[in-house]
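Worksheet: one structure, shown below.
The values are calculated or read from the model by the stated rules, or taken from the named source; none is laboratory data. Remember, it's a predicted structure, so these values are computed and weren't measured experimentally. All Cβ positions, even for glycine, are placed from backbone atoms using ideal geometry, and neighbour counts span all protein chains on display. When the accessible area is computed, the model is the full protein with side chains, heavy atoms only, and any ligands, DNA or RNA have been set aside. Shrake-Rupley method; radii C 1.70, N 1.55, O 1.52, S 1.80 Å.
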Amino acid sequence: MIRIAIDGPGGAGKSSLAKAVAKELGIIYVDTGALYRSIGLYMVKNGISPSDKEAVIAALPDLTLEMKFEDGRQIILLCGEDVGDSIRTPEISMAASTVSAIKEVREYLLETQRSIAENNSVIMDGRDIGTVILPRAEVKIFLTASPEARAKRRFAELTAKGIETTYEDVLREMEERDKNDSTREISPCVQAEDATLLDNSDLTAEQTVKAVIKIVKKEIKRRKKKGSALYMFLRAIVSPIYRFFARVHVSGKENIPKDGGYILCANHLGVNDIFLLGTTYPRQIHFLAKKEWFSVPVLSSVMRALGAIELDRGGRDVGALRNAVDKVNDGGVIAIFPQGHRFPGENPADTPIKSGISLIAYHSKAKVIPVCIKVKNFKYRLFRRIDIIYGKPISFDELGFKNGGYGEFKKAAEIAFDAVCTLGGYEKTPVPENGSEE
Ligand code: DC
């Protein structure tokens, strides 16, 4: 799955670019501006001034907005009726810009936009896609051009549609809208930190499409890479050794996503866990390793080359957490053992856990994949059967995050680790009652 976010001011050519890229890659194009335009249209049609904030908010429950896709074409049904081109007039452009500055309007449209990208590869254009709607989009482009170049294009577009206007009016309206969209308090149109800036003032539409396809293809290729050459080489050597000395059985493989950044959450029985996960998981896993290992000559270089993340187990290692978040945001897979250290011989459901995993999940918004390593008597022995069971990915919402408080982190770690225990069929051992039995 790939999610491409195209943000930028009006008239930069986002929609024609997105349409062309969607066609080339066979993915869905979502025009989010059309949603704001439809709300603007509803207000204008019903005699509600788009700048009357209270009235706009009060009208929201009365309207229904549905987004459908037919032959790759987006259709918006406003109160059951296809809005068609009626949302493309200069009056509705301005109304859309005005209503889009209202927090409640943006909240109203948030889920519609996010849900479509949840299960589909999409290219979505708008103002806040890379910053708010899809902060984890794999490709982010901020497309812009000088106001004059954009006004010239928009003027040609409108005249072609038979809409009467002048270049001066279009330029004035465009500058006003730019100011509205980029200075509003909530979700202003700004470039995401990790977006690529593309100024197409001097590029043709074809050149712009080519430039973006090149960026997207490079990203797709990078994401298809399963891991560094050294990691995959060592994995190939170590795998048969593990297969010889243990009867490793992997189940739930269908729960392993093919690409994208994820957090594996596992129980910890022994050092073998790292090798067992590493040799059976199809992609490179970045493990967190205690910092002492990084001070051993040769070993430290190997660890770094394998993509391990240095962790100071003495306290709350903010640097390690940040590195882990970066790895996941960059499309990598990291493994976390919430128990903090090895617990051989103990029922995982009875051991204490740490909340570091929640911090990484909260800041990366990545899904957590529970994985249970199960072996008889919780002890590794030669030739014993070892089960590695992968569970369904747990989403940000399922982890129960809201404001990111301490209690939420504790609870989220429990949710993730409970899922691990459930996979292995482990339950908390009931605490014997202290009643005085005679
Ligand atoms: O992209 P467009 O010109 O169709 O957008 C119409 C208006 O909607 C634009 O002036 C700002 C607003 N908009 C927004 O605030 N956020 C988006 N993601 C998309 C559009």
By accessible area of protein heavy atoms, probe 1.4 Å, what ranking do T183, T280 get, highest first?
T183, T280
Spin-label model distance (nm) - R114 vs I186, 7 Å beyond Cα toward Cβ:
1.4
For E254 and E91, FRET efficiency with R0 = 56 Å and r from the beta-carbon atoms, rounded to 0.05?
0.65
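Using a Förster radius of 30 Å, what is the FRET efficiency between K221 and R304 based on their Cβ-Cβ separation? Nearest 0.05, please. Spell out each step's value before the answer.
On the way: r = 24 Å, r/R0 = 0.80.
E between K221 and R304, to the nearest 0.05, is 0.80.
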Listed residue (A156, F378, L359) projecting farthest to the positive dipole end of the chain, Cβ model
F378
Rounded to the nearest whole number, the per residue volume of the convex hull around the C-alpha atoms of segment 97-211 in Å³ is 131
The chain - percent of accessible surface contributed by carbon and sulfur, probe 1.4 Å
53
How much of the DSSP beta bridge set in the chain is antiparallel, as a percent to the nearest 5?
25
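Assuming R0 = 22 Å, what is the FRET efficiency of N347 and L382, from their Cβ-Cβ distance, to the nearest 0.05?
On the way: r = 23 Å, r/R0 = 1.05.
With a Förster radius of 22 Å, E is 0.45.
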Segment 260-278 to segment 1-80: how many Å between their Cα centroids?
42
Value of relative contact order over segment 201-330, rounded to a whole percent, pairs C-alpha under 8 Å and six or more apart
25
Probe 1.4 Å, heavy atoms of protein chains only: per residue, the accessible area of the chain in Å² is 52
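Relative contact order for the chain using alpha-carbon pairs under 8 Å, separation at least 6, rounded to a whole percent?
Numbers: 723 pairs, mean separation 67.1, N = 438.
In percent, rounded to a whole number, it is 15.
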Quick check: residue separation of E148 and T429 times 0.36 nm, minus the Cα distance between them. What number comes out in nm?
94.1 nm
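With an 8 Å Cα cut-off and a minimum separation of 6 or more residues, compute the relative contact order for segment 122-263 in percent.
Details: 87 pairs, mean separation 40.7, N = 142.
Relative contact order of segment 122-263: 29 percent.
Counting helices only, and only those DSSP H runs with n ≥ 4, report the 222 nm mean residue ellipticity of the chain as the sum of -39,500 (n - 2.57) divided by its residues, in deg cm²/dmol to the nearest 500. Numbers along the way, then the final one.
Numbers: 14 runs with 182 residues, N = 438.
Estimated from H runs of four or more residues: -13000 deg cm²/dmol.
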